[in-house]
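Okay, structure first, notes after.
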Amino acid sequence: MPFETLFLINLGSLAGILLVLWLISIRIDNVNVVDVFWGLAFVTVSWLTLSVTGNWAAVPVGLTLLVSVWGIRLAGYLGWRSLGKPEDYRYAAMRERRGKSFRLMSLFTVFWLQGLIACFISLPLQIGIKDGGAWTWQASFGAAVWLVGFIFESVGDYQMARFKADPANQGKVMRQGLWRYTRHPNYFGDFLIWWGIYLAAAQPENWWWTIIGPVTMSYLLLKVSGVQLLENSLRTRVDGYEEYVENTSSFFPLWTKNSRT
């Protein structure tokens, strides 16, 4: 099967699922469902690619399992975190700016846009599942990078959830555990996860163009929906965050002044 056909199958499948989720979001008047589906979008792409291509070799199966563990955990965590909560402030702000037109526009600018982005980020995943073969040392190295990233992301989320569960910590800065070494261990973990998947999937004939996947994810994490967007909000909402910024690494974990105190 040509890769172009496979890509269109995945893109069309995500578009259909996201259309259903958009209809649900209109019913409940809350767009948060799209964030819960973000990780599951990659799980969908991986299993659909595996099924369509029928390539059940070690690398394709391994990639599918790695993405499934990551995506299901992330979806479960985000679903739990948003349960009973108001709409995310980003979407609430968009809804206020757009007024009545937000509902229709959100299908294109939120739901289908995320599906399109997911398809491009998952390029190395799709190619790796389609053309991958026996397990190699490179795949092992990629899986090791993925594992480090998964630990950072999942442990960081767990530590932050415990911190926020204590009412005494409301409005305070999280400086414990992994958050002593980086202000965003969960985003750093996501960064490693997708570079690990790329390393495990890359092959001599496609490494140079499938790199668009981890590069796109890295840009989103650092400059768009991740670090930059969140920090702009935290600086105005959390007491002592400026001091935390001065003494703690923004992204890559470092042994800084804050981590020694």
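Within region 28-42, which residues are in a helix (DSSP H, G or I), open to solvent by 10 Å² or more (accessible area, probe 1.4 Å) and under 20 Å from residue 14 (Cβ atoms)? Walk me through it before giving the result.
Residues of region 28-42 that are in a helix (DSSP H, G or I), as a first pass: 28, 33-42.
Among the residues that remain, those that are also open to solvent by 10 Å² or more (accessible area, probe 1.4 Å) are: 28, 33, 35-38, 40.
Answer for region 28-42, where residues must be in a helix (DSSP H, G or I), open to solvent by 10 Å² or more (accessible area, probe 1.4 Å) and under 20 Å from residue 14 (Cβ atoms): 33, 35, 36, 37, 38, 40.
Residue 156: of a type in the set (Gly, Ala, Ser), in contact with an Asp or Glu (Cβ under 7 Å, 6 or more places away or on another chain), part of a helix (DSSP H, G or I) and closer than 15 Å to residue 77 by Cβ, yes or no? In short, no.
Take the conditions in contact with a Leu (Cβ under 9 Å, 6 or more places away or on another chain), open to solvent by 40 Å² or more (accessible area, probe 1.4 Å), in a helix (DSSP H, G or I) and touching a residue at least 24 places away in the same chain (Cβ under 8 Å) and apply them to residue 187. Does it pass?
Numbers: in contact with a Leu (Cβ under 9 Å, 6 or more places away or on another chain): yes; open to solvent by 40 Å² or more (accessible area, probe 1.4 Å): yes; in a helix (DSSP H, G or I): yes; touching a residue at least 24 places away in the same chain (Cβ under 8 Å): yes.
In short, yes.
Counting only helices (runs of 4 or more DSSP H) that fall entirely inside region 43-149 and contain at least 1 residues that are touching a residue at least 40 places away in the same chain (Cβ under 8 Å), open to solvent by 40 Å² or more (accessible area, probe 1.4 Å) and within 18 Å of residue 194 (Cα to Cα), the qualifying elements are 58-82, 113-121, 123-131. Only a single criterion out of (1) assigned to a loop (DSSP other than H, G, I, E, B); (2) in contact (Cβ under 8 Å) with a residue 40 or more places away in the chain; (3) surrounded by 13 or more Cβ atoms within 10 Å (Cβ to Cβ) is not satisfied by residue 171, namely (3).
The values are calculated or read from the model by the stated rules, or taken from the named source; none is laboratory data. From a predicted model like this one, the values you see are computed outputs, not experimental measurements. Here Cβ is always computed from backbone atoms with ideal geometry, including for glycine, and neighbour counts include all displayed protein chains. In case anyone asks, the SASA skips ligands and DNA or RNA and just uses the protein heavy atoms, side chains included. Shrake-Rupley method; radii C 1.70, N 1.55, O 1.52, S 1.80 Å.
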